[in-house]
Each structure stands twice: as C-alpha cells, then as structure tokens.
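The values are calculated or read from the model by the stated rules, or taken from the named source; none is laboratory data. Since the model is a prediction, treat every value here as computed from it, not as a measurement. For neighbour counting, all protein chains shown are included, and Cβ atoms are generated from backbone atoms with ideal geometry for every residue, glycine included.
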Ligand SMILES: Nc1ncnc2c1ncn2[C@@H]1O[C@H](COP(=O)(O)OP(=O)(O)OP(=O)(O)O)[C@@H](O)[C@H]1O
Ligand SMILES: [Mg+2]
C-alpha cells in the first residue's frame, strides 16, 4: 500500500510522523520546553551548556526549535552536525562559517578563529552560537580546542555561546579529570527525558491533528503498547506508530487497535 493511499484511508492529508516538521509544529512537551529554555539561557548569557538525551529523544529538534526563534540579524548559529572531522576541523568550521579562508598553521588558525569570533560580537554586534551536535563523539583533543576558545578573553567573558549536544555518555566524558576546566565552565546541563505515557498519547494526537484529523486514530491499549516499545522516545514512537497505521490500513480498519500495534511491535523488534 502506498504512503499516500494509507494516509488517505484514515482521512489524513499526508503521512504523519515525517522528519521534516516545521519548528512551529513541534510538540512542546515539558522536557522539550525546558531544553529550549536552557538553550535560550545559554544564548542570552553567552554561556556554555550541555544537552544530553538518549538516541531519538528529540535533542536536535530542541536545538532547531530554540535557534529558529533567534533574530538572524543579531545571531549567527554555527551548527556542527557531526564533529568526527579530527582536530583543526573545529576551527576550520568556525572560520569558514564566519566567511574567512582558514589559515594553514594550527596556531594561526586558532588565533584566526578567536579574532573572528571577537569581531562578530564587537564589530558586527552579532552573537555566535556554536552548536556541536553528537558531541559525545568529540575527541579529547577537540574538547581541549574548545576549552582554549572559551578562554580567549582571559575569562572575563566568552566570545560566543556554546552548546554541546549528545548522548548521556557526554557528561561522563566531560567529567574526566583533564576536562575539569571545561566542565567547570558549563553553566547549564539538561537531560532531555523520554515521554511518559500521557505525553506519548498527546504526541500521537498532535501529529495526527497536523495531518487534518481530529478524531481518535489510536485505541488506548494500542497507545500503551506503542509507548512501551518506543520507551517514550519520539523517533522510535514515529516508527512504531507508522508501522501500526500501515497494519491497520492493510486490514481496512479505521482505528489502530491493539492487534495492529502488536503487529507493528513484532515487525520492529524482529531480528
Ligand atoms: N518535540 C517534538 N515534536 C515533534 N516531533 C519530535 C519532537 N521531538 C522529537 N521529534 C521527532 O523525533 C525525531 C528524533 O528527534 P531528534 O532527531 O531531535 O532526536 P535526537 O535526540 O537528536 O537523536 P540522535 O541521538 O539520534 O541524534 C525527529 O525527527 C522528530 O520526528
Ligand atoms: Mg540528534
């Protein structure tokens, strides 16, 4: 059954649970809203912040939500999707994002990155927000580079706001002795929680409503099962709910009942 036809089977304008969700359409559960508030605090204070959470918990989505509301004439977001580019890479990314050609020698490159960051704030009156996603992949040498950058103004103020986003192991990595100096500079840490069952139910309703259907689509016991298999994690819940919808449509049901949820779970947990 094609995506368009199973969506229309339920009276939906398109398939729900897609990845390309606009910031204004995001589901604002409490932990998400708290993460967004912390990110705004980091930006406002030019501080360093850490957001952790399990795979698919909604970390990147929270960053997108928070940065989408910033005035682009006053802020410059440098987003590093994956830091697995070795040393030099951090400075090269910053220099390029600020419109310059990276210098070759490492020592010069670092000074260049620092100068550009300072100029952005002092001359262009724009605040740089350096977001490093998948930050649990940062190598020790890269964390050291980050520490050196935050040191630029002899500790009086940081020339940028920094956000490290990653899996829960990130906190442990930062706590290791050698990074104590960086760890102490972290002004806020937040762990994005999984959804509870009430939030999972509201999440499902929210996405279905975005596709134009206000009446219930998932039976309560089906919701409970999908929530359990997803551990309350949005990405996993998207997948489970989609599989359940396809199962229901292929059986010509107009509601996802527990039998459909069971099928979806079996499909997703199959080895
Ligand atoms: N607040 C939300 N509103 C709507 N959908 C959400 C929300 N949070 C998460 N999602 C959905 O869950 C998916 C996964 O979220 P996201 O990519 O932010 O997870 P993550 O924590 O960054 O995962 P990873 O550790 O794999 O990078 C998103 O693509 C989106 O479909
Ligand atoms: Mg992510």
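I'd like the residue in the stretch 173-182 that is away from ligand 1 (no atom under 16 Å from the Cβ) and at pLDDT 85 or above and, out of all such residues, is farthest from the chain's Cα centre (by Cα). Break it down into steps so the answer makes sense when it comes.
Looking only at the stretch 173-182, we keep the residues that are away from ligand 1 (no atom under 16 Å from the Cβ), and these are 174-182.
Those left that are additionally at pLDDT 85 or above: 174-175.
Working: 174: 19, 175: 22 Å.
Taking the candidates together, the pick is 175.
Would you pick out the residues in the stretch 97-109 that are surrounded by 13 or more Cβ atoms within 10 Å (Cβ to Cβ) and under 18 Å from residue 79 (Cα atoms)? Spell out the reasoning first.
Within the stretch 97-109, the first condition is being surrounded by 13 or more Cβ atoms within 10 Å (Cβ to Cβ), and the residues that meet it are 97-98, 100, 102-103, 109.
Selection gives 97, 98, 100, 102.
Conditions (1) within 16 Å of ligand 2 (Cβ to nearest atom); (2) farther than 21 Å from residue 95 by Cα; (3) buried (at least 20 other Cβ atoms within 10 Å of the Cβ); (4) not assigned by TED's automatic domain parsing to the domain that holds residue 93, marked per residue:
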{"residue": "41", "(1), (2), (3), (4)": "no, yes, no, no"}
{"residue": "46", "(1), (2), (3), (4)": "no, no, no, no"}
{"residue": "49", "(1), (2), (3), (4)": "yes, yes, yes, no"}
{"residue": "55", "(1), (2), (3), (4)": "yes, yes, no, no"}
{"residue": "59", "(1), (2), (3), (4)": "yes, yes, yes, no"}
{"residue": "69", "(1), (2), (3), (4)": "no, yes, no, no"}
{"residue": "73", "(1), (2), (3), (4)": "no, no, no, no"}
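Take residues that are in contact (Cβ under 8 Å) with a residue 60 or more places away in the chain and farther than 18 Å from residue 131 by Cα and tell me which of the helices (runs of 4 or more DSSP H) falling wholly in the stretch 1-116 contain 1 or more.
Values: elements: 3-9, 30-45, 59-68, 89-97.
Result: 3-9, 30-45.
Looking only at the stretch 45-62, count how many residues are touching a strand residue (DSSP E or B) at 6+ places or on another chain (Cβ under 8 Å) and near ligand 1 (Cβ under 6 Å from one of its atoms).
Residues in the stretch 45-62 being touching a strand residue (DSSP E or B) at 6+ places or on another chain (Cβ under 8 Å) and near ligand 1 (Cβ under 6 Å from one of its atoms): 5 in total.
Kindly evaluate residue 201 against the criterion of being surrounded by fewer than 21 Cβ atoms within 10 Å (Cβ to Cβ), assigned to a helix (DSSP H, G or I) and more than 23 Å from the chain's Cα centre (by Cα). Reasoning before the result, please.
Details: surrounded by fewer than 21 Cβ atoms within 10 Å (Cβ to Cβ): yes; assigned to a helix (DSSP H, G or I): yes; more than 23 Å from the chain's Cα centre (by Cα): no.
So residue 201 does not fit the description; no.
Could you go through the stretch 102-112 and let me know if any residue there is in the same structural domain as residue 39 (by TED's automatic domain parsing) and in contact with a strand residue (DSSP E or B) (Cβ under 8 Å, 6 or more places away or on another chain). Write out each step before concluding.
Looking only at the stretch 102-112, we keep the residues that are in the same structural domain as residue 39 (by TED's automatic domain parsing), and these are 102-112.
So of that shortlist, the ones also in contact with a strand residue (DSSP E or B) (Cβ under 8 Å, 6 or more places away or on another chain) come out as none.
No, the stretch 102-112 has no match at all.
Quick one: in the stretch 131-151, of everything that is assigned to a loop (DSSP other than H, G, I, E, B) and either touching a residue at least 60 places away in the same chain (Cβ under 8 Å) or away from ligand 1 (no atom under 16 Å from the Cβ) (or both), which residue is surrounded by the most Cβ atoms within 10 Å (Cβ to Cβ)? Give the derivation first.
At the first step, the residues of the stretch 131-151 found to be assigned to a loop (DSSP other than H, G, I, E, B) are 133-134, 138-139, 151.
Then drop every residue that is not either touching a residue at least 60 places away in the same chain (Cβ under 8 Å) or away from ligand 1 (no atom under 16 Å from the Cβ) (or both), which leaves 133, 139, 151.
Values: 133: 19, 139: 15, 151: 15.
Among those residues, the one meeting the criterion is 133.
If I ask for residues that are touching a helix residue (DSSP H, G or I) at 6+ places or on another chain (Cβ under 7 Å) and surrounded by 19 or more Cβ atoms within 10 Å (Cβ to Cβ), which ones from the stretch 79-96 would you list?
80, 83, 90, 91, 94, 95
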